[in-house]
Amino acid sequence: MITLPWEDPFSDERVTVSLIFTTTRRGAIKRATVDGKSWRPAVEAAGIVPTRATGMHALRHFYASALLDAGESIKALASYLGHSDPGFTLRVYTHLMPASEKRTRRAIDDLFGDSGQ
């Protein structure tokens, strides 16, 4: 079981749910266990040299980049990643944020009703 904010990371409401993947004692699996017993052997079997860039932490960065690409806010992402300071999240992930020029033009065009003609 794990208790976290659900749906809204800024809500004080917490929801307790069962974990899908657990230890034999039904507890949370530690990252180091997954890394050492599953992830790293799979990386090596694929012929990839295990490094920090190919480790479990890379999944965290993939998750963050996918959310940013989908338009998630830095503030929400910081909460999802457990960062207390969204500024830290911004400094770490700013290079992954999608270029906003096209989005900015589209927002103003939509505001004034320009359909791009």
#### Entry: Exposed trypsin sites (Lys or Arg not before Pro) absent: longest stretch of the chain, with sites in DSSP loops and at most 10 other Cβ within 10 Å deemed exposed
31-117
#### Entry: Efficiency of FRET between T23 and R60 - r from beta-carbon atoms, R0 25 angstrom, step 0.05
0.75
### Summary
On the formula 1/(1 + (r/R0)^6), with r taken between the Cβ atoms of S38 and S73 and R0 of 22 Å, the FRET efficiency rounded to 0.05 is 0.10
### Message
Computing the accessible area with a 1.4 Å probe over protein heavy atoms, can you report the carbon and sulfur percentage for the stretch 34-87?
### Response
59 percent
## Note on the structure
Any residue on another chain or 5+ positions along whose placed amide H is under 5 Å from the amide H of H83 is listed here as none
### Query
Measuring with a 1.4 Å probe in the full set of protein chains, what accessible area per residue, in whole Å², belongs to the chain?
78 Å²
### Query
With Cβ to Cβ distances under 14 Å as the rule, what net charge do the other residues near Y93 carry (K, R +1; D, E -1)?
0
### Summary
In terms of the charge dipole of the chain, which places +1 on Lys and Arg and -1 on Asp and Glu at the beta carbon, the residue among S38, P86, A58 farthest towards the positive end is S38
### Task
Scan the chain and hand back the longest stretch that contains none of the GluC sites (Glu not before Pro) lying in DSSP loops with at most 10 other Cβ atoms within 10 Å.
14-117
### Query
If you average the sequence gap of Cα pairs under 8 Å that are 6 or more apart and divide by the length of the chain, what percent do you get for the contact order?
15 percent
## Note on the structure
In degrees rounded to 10, the 0-90 angle between helix 101-112 Cα long axis and the longest Cα principal axis of the chain is 50 degrees
### Query
In whole Hz, what ³J(HN,Hα) sequence does the stretch 42-58 give by Karplus (6.51, -1.76, 1.60; θ = phi - 60°), x for Gly and Pro?
5, 4, 5, 5, 7, x, 9, 6, x, 9, 4, 5, 10, x, 4, 5, 4
### Summary
For the stretch 74-80, in residue order, the Karplus 3J(HN,Hα) values (coefficients 6.51, -1.76, 1.60; θ = phi - 60°; whole Hz; Gly and Pro = x) are 4, 4, 5, 4, 4, 5, 4
### Query
Sorted from largest down, what three extents in whole angstroms do the Cα atoms of the chain have along their principal axes?
59, 42, 26
### Summary
Computed for the chain: size of charge dipole around the Cα centre, +1 on C-beta of each Lys and Arg, -1 on C-beta of each Asp and Glu, debye to nearest 20, value 720 debye
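The values are calculated or read from the model by the stated rules, or taken from the named source; none is laboratory data. No experiment lies behind these values; they were computed from the predicted model shown. Neighbour counts are summed over all protein chains in view; Cβ atoms, including those assigned to glycine, are modelled from backbone coordinates with ideal geometry. To get the accessible areas, we keep the full protein, side chains included, count just its heavy atoms, and leave off ligands, DNA and RNA. Shrake-Rupley method; radii C 1.70, N 1.55, O 1.52, S 1.80 Å.
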